Amino acid sequence: MAGNWKMNLNHLEANLLVQKIAASLNEQQLTDVEVVVLPSFTNLRTVQTLVDGDKLLIGYGAQDLSPHAKGAYTGEISGLMLAKLGCQYVVVGHSERRQYHHEDDALVNSKVKAALTYELAPILCIGEGLEVREAGEHVPHVIAQLDAALDGLTAAQVERVVVAYEPVWAIGTGKTATPEDAQEVCGAIRARLGEAFGATTAERTRILYGGSVKATSVASLMAQQDVDGALVGGASIDAEEWVQICRFPDHIAR
Ligand SMILES: O=C(CO)COP(=O)(O)O
């Protein structure tokens, strides 16, 4: 379960949220489900200090990185810097970056490679907009994004990538894809990984669904064969809601 905080929370609020999450989830729950938070850059040091200091079983990462290692790139943050802060993950190719910062498939591919260079697991976001969905072109659209983002990678590298299917029309809109919609595309992603990199790699690569995931919808999404986890935006900065989402196995058990 990965919580993308987006551009929310200052470092004091981040501190409080992580403490609330840690206090509400016991060791067993944090062992059964991998819980990761993805704060803004300015909160990473705070989260690192908490996680290290209290030996919390919570992972963390960033929401973007530069394709470059260092140099004259004002305003950019490199994978090297993120790795030094103990990040395990970094979001790459989020639709908000594709839309507002005009990131194209080639840049996303170079960011995936930069992340892997510094031992960060890229959370690669792909997904179609409403027009593509209404035209019935969502599967080929998403597969083309996947192919472009993974171009030039070995099977071993692909296994470290986490693929997140996030239909743009479901992000922040309250419109969750149905579990069947999510499965259709996540299944197609796994099939494509199998064709391109072999069955073992397809099996080992984690595929998440993202888009208006809430405590009430997470269990039915997680019940789908090819949905291995969720990438959650809005609901991940609400401590109670997020804790309920991370406790999804309890909902299933009930
Ligand atoms: O973009 C998302 C996660 O990366 C999803 O955001 P919401 O959960 O707010 O729809």
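Structure above, values below:
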read-out	value
Fraction of the pair-distance distribution of segment 135-204 above 15 Å, Cα-Cα pairs, percent	54
Fewest-first ranking of E119, E34, using other Cβ atoms within 10 Å as the exposure measure	E119, E34
Viscosity 1.567 mPa s, temperature 4 °C, Stokes-Einstein D of segment 2-253 from Kirkwood C-alpha radius, µm²/s	71
Neighbourhood net charge (12 Å Cβ-Cβ; Lys/Arg +1, Asp/Glu -1) for Q224	-4
Rounded to the nearest 20 debye, dipole of segment 142-254 from Cβ charges on Lys, Arg, Asp, Glu	160
Length gained when the stretch H11-H101 is fully extended (0.36 nm per residue, less Cα-Cα span)	29.9 nm
Taking H94, H101 and counting other C-beta atoms within 10 Å, the order from fewest to most	H101, H94
Cβ-derived FRET efficiency at R0 41 Å, E240 paired with H68, nearest 0.05	0.55
FRET efficiency, N26 to L80 (Cβ-Cβ, R0 41 Å, nearest 0.05)	0.75
Least to most buried among V36, V139 (fewest other Cβ within 10 Å first)	V139, V36
Options V185, L120, A106, ranked by Cα towards positive dipole end of the chain, top entry (Cβ charges)	L120
Lys pairs under 26 Å by Cα in the chain, provided they are eight or more residues apart or on distinct chains	18
Residues whose placed amide H lies under 5 Å from that of Y60, excluding near-sequence neighbours	V37, Q88, Y89
Distance histogram in 5 Å bins (all Cα pairs of segment 36-171, percent per bin)	2, 11, 20, 22, 18, 13, 9, 4, 1, 0, 0
Point-charge dipole on Cβ atoms (K/R +1, D/E -1) for segment 2-253, about Cα centre, debye to 20	660
Residues of segment 20-47 with amide N under 18 Å of a point placed 7 Å along Cα→Cβ from I252	26, 28-36
Two-decimal Rg to Rh for segment 140-254 - Kirkwood Rh, Cα set	0.99
Cβ-derived FRET efficiency at R0 25 Å, A223 paired with E195, nearest 0.05	0.45
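Every read-out reported here was derived from the displayed coordinates using simple, explicitly stated rules and does not represent laboratory data. Only a predicted model underlies this, so the values are computations on that prediction, with no experimental measurement involved. Quick reminder, even Gly has a Cβ in these numbers, built from the backbone with ideal geometry, and neighbours come from all protein chains shown.
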